[in-house]
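Values in this text are rule-based calculations from the coordinates and carry no lab data. These figures come from a predicted structure and were not determined experimentally. Don't worry about glycine lacking a Cβ; one is built from the backbone with ideal geometry, like all the others, and counts go over all protein chains shown.
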Amino acid sequence: MKRLTAIALLVGCGGENVVFAELDAQERTDYMTDTVLPEMQAEFEAFDARFANMSCNTCHQDTTFAIPNPDLPGLDLTNPPTGAGADFMADTVVPRMQELLGDDTLDCLSCHPSL
C-alpha cells in the first residue's frame, strides 16, 4: 500500500521519478491509463487533431500491449524518416516517454518495429 501511495503522489506531480519497470502489472496499467495516456494524447492531439480519440490501442497492439508493436510503421534507422511527424516523435514523444517511464534508453525502436 505504501508503494501505491508513493506512486500516486508521483503521478500527481506529472509522473517524474516513476520507474515503470519497477511497477507491478496493475500499477503499470493504472499508470498508463491515468497518466501516460492523457499526457500523450494531449501532445498527439496538439500535433494532429485526428488523435483526439487516442486510446491504448493507438500505440499498443490489441489487448496484448506488445511493444514494439508490429502494427506500427516499421523504421529503418539507416534511412530515418523525416518531416514534421518524425520531428514530433523525436522532439516530443521520445523525450516525454523517457521521462514518464523513467527510462532514458527508450528510442524509436522501443515502440516501432525495425525494418
Summed side-chain charge close to Leu106 - residues other than Leu106 whose Cβ falls under 12 Å, Lys, Arg +1, Asp, Glu -1: -3
Label-point separation, Asn53 to Phe65 (7 Å along Cα→Cβ), nm: 2.3
Max mean-square fluctuation residue, GNM over the chain, Cα-Cα springs under 10 Å, options Gln26, Gln41, Gln61: Gln26
Cα convex hull of the chain, projected area averaged across orientations, nm²: 7.4
Residue among Glu99, Glu22, Glu39 with the largest mean-square fluctuation in a Gaussian network model of the chain, springs linking Cα atoms under 10 Å: Glu22
